[in-house]
1. Please work out the FRET efficiency for the pair Glu112 and Ser45, using the Cβ-Cβ distance as r and a Förster radius of 30 Å; give the result to the nearest 0.05.
2. Applying the Karplus parametrisation 6.51 cos²θ - 1.76 cosθ + 1.60 with θ = phi - 60° to the phi angles of region 121-130, what ³J(HN,Hα) value in whole Hz is obtained for each residue in order, glycine and proline being reported as x?
3. May I ask you to compute the full-extension gain from Met128 to Val144, defined as 0.36 nm times their residue separation minus their alpha-carbon distance, rounded to one decimal in nm?
4. Read phi for every residue in region 86-100 and hand back ³J(HN,Hα) as whole Hz from Karplus 6.51 cos²θ - 1.76 cosθ + 1.60, θ = phi - 60°, with x for Gly and Pro.
5. In deg cm²/dmol and to the nearest 500, what is the mean residue ellipticity at 222 nm of the chain if only DSSP H runs of at least 4 residues count, each as -39500 (n - 2.57), divided by the residue total?
6. Each label point is 7 Å from the Cα along the Cα-to-Cβ direction; what then is the distance between the points at Glu79 and Lys100, in nm?
7. Please compare each pair in Lys40/Lys83; Lys40/Lys105; Lys78/Lys105; Lys67/Lys100; Lys82/Lys132; Lys67/Lys132 to a cut-off of 27 Å on the Cα-Cα distance and tell me which ones are over it.
8. Which whole-number percent gives the relative contact order of the chain, counting Cα pairs below 8 Å spaced six or more residues apart?
Amino acid sequence: MNLEKTMHIKSIEIFIISLLLILFSPLSVAAEEEATIKAKPSYVSLGDPMVLNLSTDSKRLTFLQLKADVLVNSDDAKEIVKKHIPAIRHQLIVLLSEQKSIDMKTTAKREEVRQLATAQIREMIENMTANKDIEEVLFTNFLVQ
């Protein structure tokens, strides 16, 4: 009799667990779909190429021509970046103008500056709008002369 009672209780437990899984699985699928919809990567162009002077030790001027895009993870972030393009361009110009021309000719330094630009712009947008969907700043054209 004890064995039968134990088997009956186990059957009820399995039934309840199965029922809970059936009931809550659509909720988790809906949450995943909502997260997928929200995480919608896209690129926002920062407009025309920027031309600026780089820091140099010689009297000869060195120019940097740069075109950049921002990778975002939501439509909200896309609209925010579009709205704040002038502030983002300014941030890039200030950061890049401080760089030495000789350093900017190396791939490693360019990547370091790109990562720094990403961090600064992500922080700026987050402080201004509380949006955290800025993924990367990408340099799509980079010319030092």
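Each reported figure results from applying straightforward, stated rules to the coordinates on display, with no laboratory input. In this text, all values refer to a predicted model and were calculated from it rather than measured experimentally. Here the Cβ is made from the backbone with ideal geometry for all residues, glycine too, and neighbour counts use every protein chain on show.
1. Values: r = 23 Å, r/R0 = 0.77.
Taking R0 as 30 Å, the efficiency between Glu112 and Ser45 is 0.85.
2. 6, 4, 5, 4, 5, 5, 5, 7, 10, 6
3. Working: separation 16, 0.36 × 16 = 5.76 nm, distance 3.17 nm.
Taking 0.36 nm per residue and subtracting the Cα distance, the gain is 2.6 nm.
4. Couplings: x, 5, 5, 4, 4, 4, 5, 4, 4, 4, 6, 5, 7, 7, 7 Hz.
5. Values: 4 runs with 82 residues, N = 145.
The per-residue figure over the chain is -19500 deg cm²/dmol.
6. Reported label-point gap for Glu79 and Lys100 is 4.6 nm.
7. Details: Lys40/Lys83 18 Å; Lys40/Lys105 34 Å; Lys78/Lys105 31 Å; Lys67/Lys100 19 Å; Lys82/Lys132 15 Å; Lys67/Lys132 23 Å.
Those over the limit are Lys40/Lys105; Lys78/Lys105.
8. Details: 175 pairs, mean separation 39.6, N = 145.
For the chain, the relative contact order is 27 percent.
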